[in-house]
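Working notes, beginning with the structure itself.
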Amino acid sequence: MNHVSLLLVDDEQAILHMLRTVLLKEQFIDIDTVTTGEAALEACKSKTYHCIVLDVMLPGKSGLEICPFLREVTDAPILFLTAKTTDYDKLTGFAVGGDDYVVKPFNPLEVVARIKSLLKRYLPSKTANSSNTLNTKYDVSTSYSNPQEDIYDFGRFQVLEQAGELRVEGMTVTCPALVYQLLLFFCKHPNRIFTKSELYERVWGSEAISDDNTVMVHIHRIRERIEADPSTPELLVNVRGLGYKLIKPEQVPQS
């Protein structure tokens, strides 16, 4: 884990010390800590981080308020620490750019497990030679791809697996790690229906705790990027009572 940089953001020094101690024992070496959202933003402007642990309740701008600003300068996965447990609070965290959350009080080992889970999905997408790592996770026997370049072309958009890029109408579009991984999974299995629980297991992994809201929010974030009109999706569609599927280009309905 020497190559991984982590940023911990919490105004409680006891929590920062606890998390840092546990992470060091797990062989994470490069760990920075700050106590405000504003300091986190400045840190992300000057250094590249691979994962950010962000407390919701911070002095000044809250974690939810600072998250959209962080998303302007980093695509690192963001793990929220929150004392709020309602679905609305969780959905708000995902909507502003978060990738996962842990509810306080928490077991620090759970935080470590979630960080590792996020890194498994983030690091391959940032490495040009990561396709073998990704392919070991997914069954690509029915993939719709260009075997020479690992380009998934769906007409309006393309996913370049080797480069870890999403291009929509010729323009590169920023895509948070887990949004990208979910889209890549759909691209590798076009026109196949997956339930929310299947998507969570295949993309988030068996070590994650299933949450239908998480999948729905990430599907919405994909649609915001690839659909001409996200409110009436024509590419990533819901099959009522069954699940979701990404339609092959030749099957996209004509407008």
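Can you find a residue in region 131-147 that is touching a helix residue (DSSP H, G or I) at 6+ places or on another chain (Cβ under 8 Å), aromatic (Phe, Trp, Tyr), more than 17 Å from residue 200 (Cα to Cα) and modelled with pLDDT of 80 or more? Taking every residue of region 131-147 in turn, none turns out to be touching a helix residue (DSSP H, G or I) at 6+ places or on another chain (Cβ under 8 Å), aromatic (Phe, Trp, Tyr), more than 17 Å from residue 200 (Cα to Cα) and modelled with pLDDT of 80 or more. Among residues of region 105-125 that are in contact (Cβ under 8 Å) with a residue 24 or more places away in the chain and open to solvent by less than 10 Å² (accessible area, probe 1.4 Å), those with a beta-carbon under 9 Å from a residue that is assigned to a helix (DSSP H, G or I) and of a type in the set (Val, Ile, Thr) at least six positions away or on a different chain give the pairs 111/22; 112/22. Any residue in region 22-41 that is touching a Pro at 6+ places or on another chain (Cβ under 6 Å), part of a strand (DSSP E or B) and open to solvent by less than 40 Å² (accessible area, probe 1.4 Å)? The answer is no, given that none of the residues of region 22-41 is touching a Pro at 6+ places or on another chain (Cβ under 6 Å), part of a strand (DSSP E or B) and open to solvent by less than 40 Å² (accessible area, probe 1.4 Å). The listed residues are 188, 196, and the only one of them that is modelled with pLDDT of 90 or more and charged (D, E, K, R) turns out to be 188.
Note on region 90-104: among residues that are open to solvent by less than 10 Å² (accessible area, probe 1.4 Å) and at negative phi, the one that is nearest to the chain's Cα centre (by Cα) is 99.
Taken over region 42-63, residues that are under 20 Å from the mean Cα position of the chain (by Cα) and either modelled with pLDDT of 90 or more or buried (at least 22 other Cβ atoms within 10 Å of the Cβ) (or both) amount to 10. When the criteria are applied in full, residue 178 fails the requirement of being at pLDDT 90 or above and part of a helix (DSSP H, G or I).
The values are calculated or read from the model by the stated rules, or taken from the named source; none is laboratory data. Please read these numbers as outputs of a predicted model, since none were measured by experiment. Backbone-built Cβ (ideal geometry, glycine too); neighbour counts: all protein chains shown. Areas reflect the complete protein model, heavy atoms only, side chains present, ligands, DNA and RNA absent. Shrake-Rupley method; radii C 1.70, N 1.55, O 1.52, S 1.80 Å.
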